[in-house]
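Engineer: The structure follows.
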């Protein structure tokens with residue numbers, strides 16, 4: 001039987017969630033304006049956030065696209081706008097419970113081809129651990145988290161507590177950038193997505209390393225960063241140089257330079273260009289790069305896996321690792 005092609009980076013927007021303000025408290029929660037049977041718009045108040053299509057909630061539409069692209073399995077994660085990390089933890093926990101349960105309904109319709117990842121109220125480690133445990137028992141296979149909670153990055157003690165819990169229960173963690181800074185220089189040309197997302201991911205990988213997190217959490221913790229790890233792979237040499245030459249301020253709590261830790265986490269393939277993928281594989285190692293697409297959003301890759309298939313430098317064995325084997329190890333399958 002051929003190795004299954006697994007896409008670890010896709011998103012869901014389930015339909016039919018209730019008025020979150022009424023159910024969870026607070027105001028200005030996202031809501032879904034249904035524009036037609038096959039199209040809707042995520043709204044925040046009266047502001048349009050993002051148009052979405054039926055593939056966000058319709059398993060049949062997702063499966064048809066997967067078949068067209070030769071994808072056997074999708075990991076289906078939340079859309080980060082629903083995280084609610086800036087809210088009181090009780091509100092975020094209530095919303096997470098609602099959306100996580102709706103996600104299970106979407107993925108159940110896809111059989112074992114759609115693998116659900118949950119969201120948690122990351123601002124409260126106890127509540128986050130409790131929701132993760134509930135979701136794992138209900139059928140979720142892992143968790144997606146945002147790369148920061150306000151000014152708290154991945155080396156925050158509460159977030160480290162959650163990551164340690166993920167390791168203890170065997171839950172893979174997909175880290176996605178979100179809540180990028182705005183302003184006149186970034187609010188045009190989708191610059192927050194084009195520059196802010198790679199920068200946010202780069203910063204959080206550095207926090208994980210220089211904050212000493214990877215020296216504290218067990219090697220069993222399975223992590224994957226979205227969007228090729230952002231700027232980190234390209235600037236790894238700069239980080240190592242700074243660690244050695246300005247260790248008085250750069251080393252933080254890390255026992256080793258950043259390049260020492262590249263085998264401790266995965267990155268996905270959403271880099272769109274064979275030259276960029278080659279840099280990623282050369283820097284991170286062929287065992288640390290996993291197929292991802294950012295499906296079904298417009299800045300994602302279609303057909304899924306194009307850059308992996310078009311990269312002539314990959315051997316057949318390496319291509320199989322990127323399309324299948326590395327994801328299976330990340331998922332614990």
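The values are calculated or read from the model by the stated rules, or taken from the named source; none is laboratory data. Predicted, not measured: the structure shown is a model, and the values here were computed from it. Counting neighbours? That spans all protein chains shown, and the Cβs are built from the backbone with ideal geometry, glycine included.
Engineer: Tell me which residues, restricted to segment 81-104, are in contact with a strand residue (DSSP E or B) (Cβ under 8 Å, 6 or more places away or on another chain), crowded, with 20+ Cβ neighbours inside 10 Å and farther than 21 Å from residue 139 by Cβ.
Structural biologist: Selection gives 85 alone.
Engineer: In segment 154-169, how many are closer than 20 Å to residue 254 by Cα and surrounded by fewer than 20 Cβ atoms within 10 Å (Cβ to Cβ)?
Structural biologist: Counting residues in segment 154-169 that are closer than 20 Å to residue 254 by Cα and surrounded by fewer than 20 Cβ atoms within 10 Å (Cβ to Cβ) gives 6.
Engineer: Checking the structure you have, find out if any residue of segment 204-216 is buried (at least 20 other Cβ atoms within 10 Å of the Cβ), at pLDDT 95 or above and part of a strand (DSSP E or B). Spell out the reasoning first.
Structural biologist: From segment 204-216, those buried (at least 20 other Cβ atoms within 10 Å of the Cβ) are 204-211, 213-214; that's our starting set.
Adding the requirement that they be at pLDDT 95 or above leaves 204-211, 213-214.
Next, only the ones that are part of a strand (DSSP E or B) stay: none.
Checked against the condition, which is being buried (at least 20 other Cβ atoms within 10 Å of the Cβ), at pLDDT 95 or above and part of a strand (DSSP E or B), segment 204-216 yields no hits at all.
Engineer: Would you mention how many residues in segment 46-68 are touching a strand residue (DSSP E or B) at 6+ places or on another chain (Cβ under 9 Å) and either under 23 Å from residue 141 (Cα atoms) or part of a loop (DSSP other than H, G, I, E, B) (or both)?
Structural biologist: Initial filter on segment 46-68 (touching a strand residue (DSSP E or B) at 6+ places or on another chain (Cβ under 9 Å)): 48-57, 59, 61-63, 65-66.
Adding the requirement that they be either under 23 Å from residue 141 (Cα atoms) or part of a loop (DSSP other than H, G, I, E, B) (or both) leaves 55-57, 59, 61-63, 65-66.
Selection size over segment 46-68: 9.
Engineer: Looking at segment 257-270, which of its residues are over 25 Å from residue 293 (Cα atoms) and either surrounded by 16 or more Cβ atoms within 10 Å (Cβ to Cβ) or touching a residue at least 12 places away in the same chain (Cβ under 8 Å) (or both)? If you could, list the steps in order and put the result at the bottom.
Structural biologist: Just the residues of segment 257-270 that are over 25 Å from residue 293 (Cα atoms), to begin with: 257-260.
Listed by number, the residues that qualify are 257, 258, 259.
Engineer: Could you please find all residues in segment 265-284 being outside any helix (DSSP H, G or I) and out of contact with any strand residue (DSSP E or B) (no Cβ under 8 Å at 6 or more places or on another chain)?
Structural biologist: In the first step, residues of segment 265-284 are kept if they are outside any helix (DSSP H, G or I); the result is 265-273.
Within segment 265-284, 271, 272, 273 meet the criteria.
Engineer: Among the numbered criteria (1) touching a helix residue (DSSP H, G or I) at 6+ places or on another chain (Cβ under 8 Å); (2) surrounded by fewer than 20 Cβ atoms within 10 Å (Cβ to Cβ), which one does residue 249 miss?
Structural biologist: Exception for residue 249: condition (1).
Engineer: I would also like to ask the following. Can you name every residue in segment 32-64 that is over 23 Å from residue 20 (Cβ atoms), in contact with a helix residue (DSSP H, G or I) (Cβ under 7 Å, 6 or more places away or on another chain) and surrounded by fewer than 19 Cβ atoms within 10 Å (Cβ to Cβ)?
Structural biologist: Within segment 32-64, 38, 61, 63 meet the criteria.
Engineer: Right, here's the next one. Condition (residue is in a helix (DSSP H, G or I), touching a helix residue (DSSP H, G or I) at 6+ places or on another chain (Cβ under 8 Å) and surrounded by fewer than 16 Cβ atoms within 10 Å (Cβ to Cβ)) applied to segment 285-302: is it met by at least one residue? Please lay out each step first, then the result.
Structural biologist: Narrowing segment 285-302 to residues in a helix (DSSP H, G or I): none.
Looking through segment 285-302, none of the residues is in a helix (DSSP H, G or I), touching a helix residue (DSSP H, G or I) at 6+ places or on another chain (Cβ under 8 Å) and surrounded by fewer than 16 Cβ atoms within 10 Å (Cβ to Cβ).
Engineer: For segment 161-180, enumerate the residues that are under 18 Å from residue 150 (Cα atoms), in a loop (DSSP other than H, G, I, E, B) and out of contact with any helix residue (DSSP H, G or I) (no Cβ under 6 Å at 6 or more places or on another chain). Spell out how you get there, then give the answer.
Structural biologist: Of segment 161-180, the ones under 18 Å from residue 150 (Cα atoms) are 161-163, 175-180.
Subset that is in a loop (DSSP other than H, G, I, E, B): 177-180.
Scanning segment 161-180 gives a single hit, 179.
Engineer: Sticking with this one: Taking the condition part of a loop (DSSP other than H, G, I, E, B), within 25 Å of the chain's Cα centre (by Cα) and free of Cβ contacts under 8 Å to residues at least 60 places away in the same chain, does residue 28 pass? Spell out how you get there, then give the answer.
Structural biologist: Numbers: part of a loop (DSSP other than H, G, I, E, B): yes; within 25 Å of the chain's Cα centre (by Cα): yes; free of Cβ contacts under 8 Å to residues at least 60 places away in the same chain: yes.
Spelling it out, residue 28 is indeed part of a loop (DSSP other than H, G, I, E, B), within 25 Å of the chain's Cα centre (by Cα) and free of Cβ contacts under 8 Å to residues at least 60 places away in the same chain.
Engineer: For residues in segment 11-25 being out of contact with any helix residue (DSSP H, G or I) (no Cβ under 8 Å at 6 or more places or on another chain) and outside any loop (DSSP other than H, G, I, E, B), which is farthest from residue 269 (Cα to Cα)?
Structural biologist: Taking the candidates together, the pick is 22.
Engineer: Let me ask something else about it. Inspect segment 170-193 for any residue being under 20 Å from residue 123 (Cα atoms), in contact with a strand residue (DSSP E or B) (Cβ under 8 Å, 6 or more places away or on another chain) and without any contact (Cβ under 8 Å) to a residue 24 or more places away in the chain and give the result as yes or no.
Structural biologist: Initially, segment 170-193 is screened for residues under 20 Å from residue 123 (Cα atoms), giving 171-181.
Imposing the further condition that a residue be in contact with a strand residue (DSSP E or B) (Cβ under 8 Å, 6 or more places away or on another chain) reduces the set to 171-179.
Of the ones still in play, those that are also without any contact (Cβ under 8 Å) to a residue 24 or more places away in the chain are none.
No, because not a single residue in segment 170-193 is under 20 Å from residue 123 (Cα atoms), in contact with a strand residue (DSSP E or B) (Cβ under 8 Å, 6 or more places away or on another chain) and without any contact (Cβ under 8 Å) to a residue 24 or more places away in the chain.
Engineer: Return a yes/no flag: does segment 107-121 have any residue that is part of a helix (DSSP H, G or I), under 24 Å from residue 32 (Cα atoms) and either under 19 Å from the mean Cα position of the chain (by Cα) or at pLDDT 95 or above (or both). Step through it out loud before you land on a result.
Structural biologist: Quick first cut of segment 107-121, residues part of a helix (DSSP H, G or I) only: 107-108, 111-113.
Filter again for under 24 Å from residue 32 (Cα atoms), leaving 107-108.
If we keep only those that are either under 19 Å from the mean Cα position of the chain (by Cα) or at pLDDT 95 or above (or both) too, we end up with 107-108.
Within segment 107-121, one or more residues are part of a helix (DSSP H, G or I), under 24 Å from residue 32 (Cα atoms) and either under 19 Å from the mean Cα position of the chain (by Cα) or at pLDDT 95 or above (or both).
Engineer: Of the conditions (1) crowded, with 18+ Cβ neighbours inside 10 Å; (2) touching a helix residue (DSSP H, G or I) at 6+ places or on another chain (Cβ under 9 Å); (3) in a helix (DSSP H, G or I), residue 233 fails just one. Which one is it?
Structural biologist: (3)
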